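Quick one: this structure, given as structure tokens, is what I'll be asking you about.
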Amino acid sequence: MLDFAKIREYVDKDRGNYVAAGTALAQDVAGMRIFDQPLFAVGDAQDPLFQKLQEPQAVGPHMRLPQDWLPGARSVVSFFLPFTEAVKGSNAPRGKSEGRDEEQQRRDPSNGWLHGRIEGQAFLLDVCRKMVSLLEAEGEEAVIPILEPGFWTEETSRFTSSWSERHVAFVCGLGTFGLSKGLITEKGICGRFGSVVTTAELPRTERPYTGIYEYCIQCGACARNCPVGAISLEKGKDHVACSAYCAVMKERYAPRYGCGKCQVSVPCMSRIPGRRP
Ligand code: SF4
Ligand code: SF4
């Protein structure tokens, strides 16, 4: 078994989930909590949908299966760490982030978002490690695919690796894709995903949808927020344009980076549109 209560407690109490005063980019984010409580979903490692992810229109043939990461894998634990209101609000195109004027606020990632993207991802990996240690204490094996050497290979590209957290989350039952290509969960689209593959036989989560874009209402709000027009209702998302813009932001805010304007101030930010959070 995996004690999810212990993970929740870890997310509440561990200092990694709070921006340390010594590293804060500005006063307004010192001590800020990065993530709210996670959502978990458990998928069957043998689910045929994992194989479907190897099709060109999904991730592609370079996508590895759970058994490729861990022979004898039985379950895949996928989780979503939603950003707190503080992180989301700071990045709103018409919000406020210390040191940004109106135009910068519309186009540039906020201090809170920059921390969420970098320190938040570091904490997410700690959550994965915590999960692995709990599973190993039960005598099970567990791996974190994105930390394995095969995550980036010669077959992968700048945009896709051999394990896509969002696609895995879709298979496990956490949510469906949006026009912006984020995954819309019960707690919205705004946050980060992680996963662990394990030999443990854990109770499965029901996948409460069939369509890939079932939760997206095609409202176009994400497209209107994008500073470089990388999203449109007609053509979907232009990954090249998005990536080029994020590279500019990386030059400006290195070692941090990010954008995320398509995930804030939109109907799917914190919920499935049209449903209660
Ligand atoms: S903002 Fe609207 S169109 Fe964009 S992903 Fe969310 S629900 Fe879909
Ligand atoms: S993350 Fe990419 S798609 Fe989203 S708003 Fe920024 S540039 Fe546009």
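The values are calculated or read from the model by the stated rules, or taken from the named source; none is laboratory data. All figures in this text were calculated on a predicted structure; none of them were measured in a lab. Please note: Cβ atoms are built from the backbone with ideal geometry, for glycine as well, and neighbour counts cover all protein chains shown. For the accessible areas, the whole protein counts, side chains as well, though only heavy atoms, and no ligand, DNA or RNA atoms are used. Shrake-Rupley method; radii C 1.70, N 1.55, O 1.52, S 1.80 Å.
Between the stretch 62-100 and the stretch 204-277, how far is it from one alpha carbon centroid to the other, in angstrom?
Rounded to whole Å, the Cα centres lie 13 Å apart.
Got the relative contact order for the stretch 4-263 handy, in percent, Cα pairs under 8 Å and 6 or more residues apart? Intermediate values should be presented prior to the final figure.
Numbers: 472 pairs, mean separation 60.3, N = 260.
It rounds to 23 percent for the stretch 4-263.
Can you list the lysines whose alpha carbon is less than 16 Å from that of Lys181, not counting same-chain residues fewer than 8 positions off?
Here the lysines satisfying the reach criterion relative to Lys181 are Lys235, Lys237, Lys261.
Something else about it: If a cysteine in the chain has no other Cys Cβ under 4.7 Å from its own Cβ, put it on the list, ordered by number.
Cys128, Cys172, Cys190, Cys216, Cys219, Cys226, Cys242, Cys246, Cys259, Cys268
If you don't mind, there's one more thing I want to ask. Over the stretch 4-263, give the accessible area per residue in Å² for a 1.4 Å probe, as an integer.
On the way: 11920 Å² over 260 residues.
The answer is 46 Å² per residue.
Kindly write out, for the stretch 175-187 in residue order, the coupling ³J(HN,Hα) from the Karplus curve 6.51 cos²θ - 1.76 cosθ + 1.60 (θ = phi - 60°), rounded to whole Hz, with x marking Gly and Pro.
So the Karplus estimates, Gly and Pro as x, are x, 10, 6, x, 4, 7, 6, x, 9, 8, 10, 4, 9 Hz.
Further question on the same structure: So what are the ³J(HN,Hα) numbers for the stretch 203-218, from phi and the Karplus equation (6.51, -1.76, 1.60; θ = phi - 60°), rounded to whole Hz, Gly and Pro as x?
x, 7, 8, 6, 8, x, 7, 10, x, 5, 10, 4, 8, 7, 8, 6
If I model a spin label as a point 7 Å beyond the Cα along the Cα-Cβ vector, how far apart are those points for Asp14 and Glu98 in nm?
Distance between label points: 2.6 nm.
Still on this structure, please answer the following. Step through the residues of the stretch 221-234 one at a time and calculate ³J(HN,Hα) from phi using the Karplus curve (6.51 cos²θ - 1.76 cosθ + 1.60, θ = phi - 60°), rounding each to whole Hz and writing x for Gly and Pro.
Values, residue by residue: 4, 5, 5, 5, 7, 5, x, 10, x, 7, 10, 9, 5, 6 Hz.
Among Cys172, Leu124, Ala41, flag the residue with its Cα farthest along the positive direction of the charge dipole of the stretch 4-263, charges on Cβ as +1 for Lys/Arg and -1 for Asp/Glu.
Towards the positive end, the residue furthest out is Leu124.
Label 7 Å along Cα→Cβ of Thr160; the stretch 42-82 residues with amide nitrogen under 20 Å?
Counting backbone N atoms under 20 Å from the label point, the list is 47-69.
So, in nm, how far is label Lys52 from label Ala244 when the simple model puts each one 7 Å beyond its Cα toward the Cβ?
Distance between the two pseudo-spin positions: 3.4 nm.
In debye to the nearest 20, how big a dipole does the stretch 1-49 give about its Cα centre with +1 on each Lys and Arg Cβ and -1 on each Asp and Glu Cβ? Could you put the intermediate results ahead of the total?
Values: 5 positive and 8 negative charges, 50 e Å.
Charge dipole of the stretch 1-49: 240 debye, to the nearest 20.
Which value in deg cm²/dmol, rounded to the nearest 500, describes the helix-derived mean residue ellipticity at 222 nm for the chain, given -39,500 (n - 2.57) per DSSP H run of n ≥ 4 and division by the residue count?
Details: 9 runs with 86 residues, N = 277.
Using -39500 (n - 2.57) per qualifying helix, the result is -9000 deg cm²/dmol.
Quick one: compute a quarter of the convex hull surface over the Cα atoms of the stretch 44-112 and quote it in nm².
On the way: hull surface 28.8 nm².
Mean projected area for the stretch 44-112: 7.2 nm², to one decimal.
Given N residues in the chain, what is its alpha carbon radius of gyration divided by 2.2 N^0.38 Å?
Numbers: Rg = 18.2 Å, N = 277, 2.2 N^0.38 = 18.6 Å.
For the chain, the normalised Cα radius of gyration comes out at 0.98.
Starting from the Cα of Leu147, step 7 Å along the direction of its Cβ; do the same at Val228; then give the gap between the two resulting points in nm.
A separation of 3.2 nm, rounded to one decimal place.
Give me the Å³ per residue figure for the convex hull around the C-alpha atoms of the stretch 229-275.
Numbers: hull volume 4.3 nm³, N = 47.
Taking only Cα atoms, the stretch 229-275 has a hull volume of 91 Å³ per residue.
Ordering Phe83, Phe151 by how much accessible area each has at a 1.4 Å probe, largest first, what is the list? Walk me through the intermediate numbers first.
On the way: Phe83 5, Phe151 30 Å².
Output order, biggest surface exposure first: Phe151, Phe83.
Right, next: Residues with amide H under 5 Å of Gly173's amide H, sequence separation 5 or more or different chain, H placed in the peptide plane at 1.01 Å from N; which?
none
Still on this structure: In nm, what is the difference between 0.36 nm times the number of residues separating Glu251 and Asp68 and their Cα-Cα distance? Don't jump to the answer; show the numbers that get you there.
Numbers: separation 183, 0.36 × 183 = 65.88 nm, distance 3.58 nm.
Here the segment from Glu251 to Asp68 would lengthen by 62.3 nm.
Gaussian network model of the chain, Cα springs within a sub-10 Å range: biggest mean-square fluctuation belongs to which of Asp101, Asp47, Asp126?
Asp101
Still on this structure: For the full complex of protein chains and a 1.4 angstrom probe, list His62, His239, His115 by accessible area with the highest value first.
Numbers: His62 35, His239 80, His115 0 Å².
I get His239, His62, His115, largest accessible area first.
So how much slack lies between Lys6 and Ile212, counting 0.36 nm per residue of separation and subtracting their Cα-Cα distance, in nm?
71.0 nm
Check every DSSP H run in the chain and write down those whose alpha carbon atoms cover 27 angstrom or more along the long axis and whose mean Kyte-Doolittle hydropathy is -0.5 or greater. Mind showing how you got there, number by number?
Working: long enough: 111-137 (38 Å, 0.23).
Span-like helices, by this rule, are 111-137.
Within the accessible area of the stretch 171-277, what % is carbon and sulfur when the probe is 1.4 Å and the other protein chains stay in place?
Details: 2630 of 5000 Å².
Within the stretch 171-277, the accessible surface is 53 percent carbon and sulfur.
Right, something else. So how do Ser265, Ser270 rank on accessible area, 1.4 Å probe, biggest first, that is with the largest at the start? Mind showing how you got there, number by number?
Values: Ser265 65, Ser270 30 Å².
Putting Ser265, Ser270 in descending order of accessible area: Ser265, Ser270.
Pick out which of Leu147, Leu39, Leu70 has the largest mean-square fluctuation in a Gaussian network model of the chain, springs linking Cα atoms closer than 10 Å.
Leu147
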